[in-house]
Amino acid sequence: MDSGYYAACQGMRSQSQALEQIANNLANVNTTGYLRAEPSFHALLASSPRGVSGPLNRVMNDFNTLSDTQLDLSSGNLQKTGNPLDLGIEGPGFFVVKTGAGMLYTRDGHFEVSTKGQLTTEAGDLVLNEQNLPIQAPTGEISISPDGTVSSAGAVAGKLRVVEFAPGAALAAMGNSLYSAPEKQAQVAVNSSVRQGMLAASNVDPVAAVVGLLTVQRNHEMLQRALSVFYGNFNQIAADELPRV
């Protein structure tokens with residue numbers, strides 16, 4: 001009885017966390033460069049304080065917890081804007097930018113030219129080249145080729161650093177479509193191309209997200225009903241047994 005009660009409590013907590021994550025995905029369905037986060041779960045084995053755990057204990061106390069989230073690295077659709085400083089990545093690549101929190105990665109290619117003539121993000125973070133240095137935007141009409149080369153009237157100003165990550169890489173969301181990862185995990189992009197005048201949309205499927213949201217809500221409601229049953233049983237046991245003590 002106690003094991004089932006605590007398992008239901010933990011299940012409700014996990015479903016509440018999953019609900020928040022799915023809701024956050026839905027809130028960013030129109031955020032440029034946003035990557036969908038998928039909740040992942042693991043089992044928490046509750047053993048006795050002395051570490052003694054028998055077969056029955058392992059079966060009854062295999063509680064479900066939200067362990068972490070995994071980023072879906074699949075590409076969102078490219079949306080045409082016509083702005084020459086809007087850059088979309090076709091494929092799984094990321095731009096590399098220098099922020100106050102260090103070197104981060106983004107698929108949001110809505111770039112600008114700063115007062116210093118450097119290519120920056122909308123938030124003012126520097127966009128880096130292959131040598132991890134800021135890119136000095138050329139004067140005149142800017143042209144950016146699929147391999148990330150920045151030029152104007154045939155004069156090359158630099159080449160954008162575009163990287164890719166292997167499946168299962170330890171990317172972490174930092175907000176504003178920025179992601180962090182160990183530098184050694186960033187690989188030279190071989191399956192990505194830069195598209196000028198376009199932006200990469202969020203990879204959130206709104207229909208699938210709504211279905212997931214409803215599923216989690218129903219799971220939460222079922223666990224809530226289970227808790228009510230356990231609570232009623234506890235009260236009945238207390239009413240029947242305590243007078244005999």
So is GLU183 surrounded by 19 or more Cβ atoms within 10 Å (Cβ to Cβ) and within 23 Å of the chain's Cα centre (by Cα) or not? no
Out of all the residues in region 198-221, which are within 26 Å of THR32 (Cα to Cα), free of Cβ contacts under 8 Å to residues at least 40 places away in the same chain and β-branched (Val, Ile, Thr)? VAL207, VAL211
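Matching residues to (1) in a loop (DSSP other than H, G, I, E, B); (2) touching a residue at least 40 places away in the same chain (Cβ under 8 Å); (3) crowded, with 17+ Cβ neighbours inside 10 Å:
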site: GLY124; (1), (2), (3): yes, no, no
site: LEU128; (1), (2), (3): no, no, yes
site: GLN131; (1), (2), (3): yes, no, no
site: PRO138; (1), (2), (3): yes, no, yes
site: ASP147; (1), (2), (3): yes, yes, no
site: SER151; (1), (2), (3): no, no, yes
site: ALA157; (1), (2), (3): no, no, yes
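Looking only at residues in region 81-111 that are of a type in the set (A, V, I, L, M, F, W, C) and outside any strand (DSSP E or B), which one is surrounded by the fewest Cβ atoms within 10 Å (Cβ to Cβ)?
Out of the qualifying residues, it is ALA101.
Out of ALA101, ALA153, which single residue is within 25 Å of the chain's Cα centre (by Cα) and of a type in the set (A, V, I, L, M, F, W, C)? So that I can check it myself, show each step before the final result.
On the way: ALA153 fails: within 25 Å of the chain's Cα centre (by Cα).
Within the list ALA101, ALA153, the selection yields ALA101.
Listed here are the residues, each with its yes/no results for (1) surrounded by 13 or more Cβ atoms within 10 Å (Cβ to Cβ); (2) at pLDDT below 90; (3) hydrophobic (A, V, I, L, M, F, W, C); (4) in contact with a Phe, Trp or Tyr (Cβ under 7 Å, 6 or more places away or on another chain).
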site: MET174; (1), (2), (3), (4): yes, no, yes, no
site: SER193; (1), (2), (3), (4): yes, no, no, no
site: GLN196; (1), (2), (3), (4): yes, no, no, no
site: ALA200; (1), (2), (3), (4): yes, no, yes, no
site: GLU241; (1), (2), (3), (4): no, yes, no, no
Which count do you get for residues in region 176-218 that are assigned to a loop (DSSP other than H, G, I, E, B) and within 23 Å of PHE165 (Cβ to Cβ)? 14
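Hey, can you tell me all the residues within region 80-129 that are among the polar types (S, T, N, Q) and out of contact with any Asp or Glu (no Cβ under 9 Å at 6 or more places or on another chain)?
Correct list: THR81, ASN83, SER114, THR115, GLN118, ASN129.
The values are calculated or read from the model by the stated rules, or taken from the named source; none is laboratory data. If you're wondering where the values come from, they're calculated on a predicted model, not measured in any experiment. Reconstructed Cβ throughout: ideal geometry from the backbone, glycine too, with neighbour counts over all protein chains shown.
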